[in-house]
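The values are calculated or read from the model by the stated rules, or taken from the named source; none is laboratory data. Just so you know, these numbers come straight off a predicted model, no measurement behind them. Because the Cβ atoms are built from the backbone with ideal geometry, glycine has one as well, and the counts that use them run over all protein chains shown.
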Amino acid sequence: MASLLSRLLRRDPSRPMSCAEVGELLQEYLDDVLDDARAARLAAHLEECRRCGLEADTYRRIKQSLAERRGGHDAVPDNAIARLREFGEQLARGEHPHEH
C-alpha cells in the first residue's frame, strides 16, 4: 500500500520533488532527456536545495570536462563514462561505492 501511495505522489506535478527523486533523475536532467514538466520541477528543487544543487553542479563540471577531453588525443575511454554514471547513481541511492 505504501508503495502505491508513493507512486501516486510522484505523479503529482504540483508537489515539489524530494532529494531522492532528484537523485534518480539527475543524470537524465543533465542529459536533457526529461520531459518539460519533470525538468521544471527538478530545476526548482535544485534552486532550493543546496546539497542537490552542488551535486548537479559537480556533475555538470565533470560532464563538461569529459566532453572537452573526448575530442582530443587524450580522449576518455567509453567505459569511464559508464563507470562515472554508475558511481553517481550509487551516491544518489545513498550507497557507498566500493573501491575496485
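Just to check your reading of the model, which residue among LEU66, LEU84 is at pLDDT below 90, exposed (fewer than 15 other Cβ atoms within 10 Å of the Cβ) and hydrophobic (A, V, I, L, M, F, W, C)? So the residue among LEU66, LEU84 that is at pLDDT below 90, exposed (fewer than 15 other Cβ atoms within 10 Å of the Cβ) and hydrophobic (A, V, I, L, M, F, W, C) is LEU66.
The helices (runs of 4 or more DSSP H) located wholly in the range 1-59 that include 3 or more residues which are over 16 Å from GLU89 (Cα atoms) and at pLDDT 90 or above occupy 36-48. Only one of the numbered conditions (1) closer than 18 Å to CYS19 by Cα; (2) exposed (fewer than 15 other Cβ atoms within 10 Å of the Cβ); (3) modelled with pLDDT of 80 or more is not met by GLU95, and that is (3).
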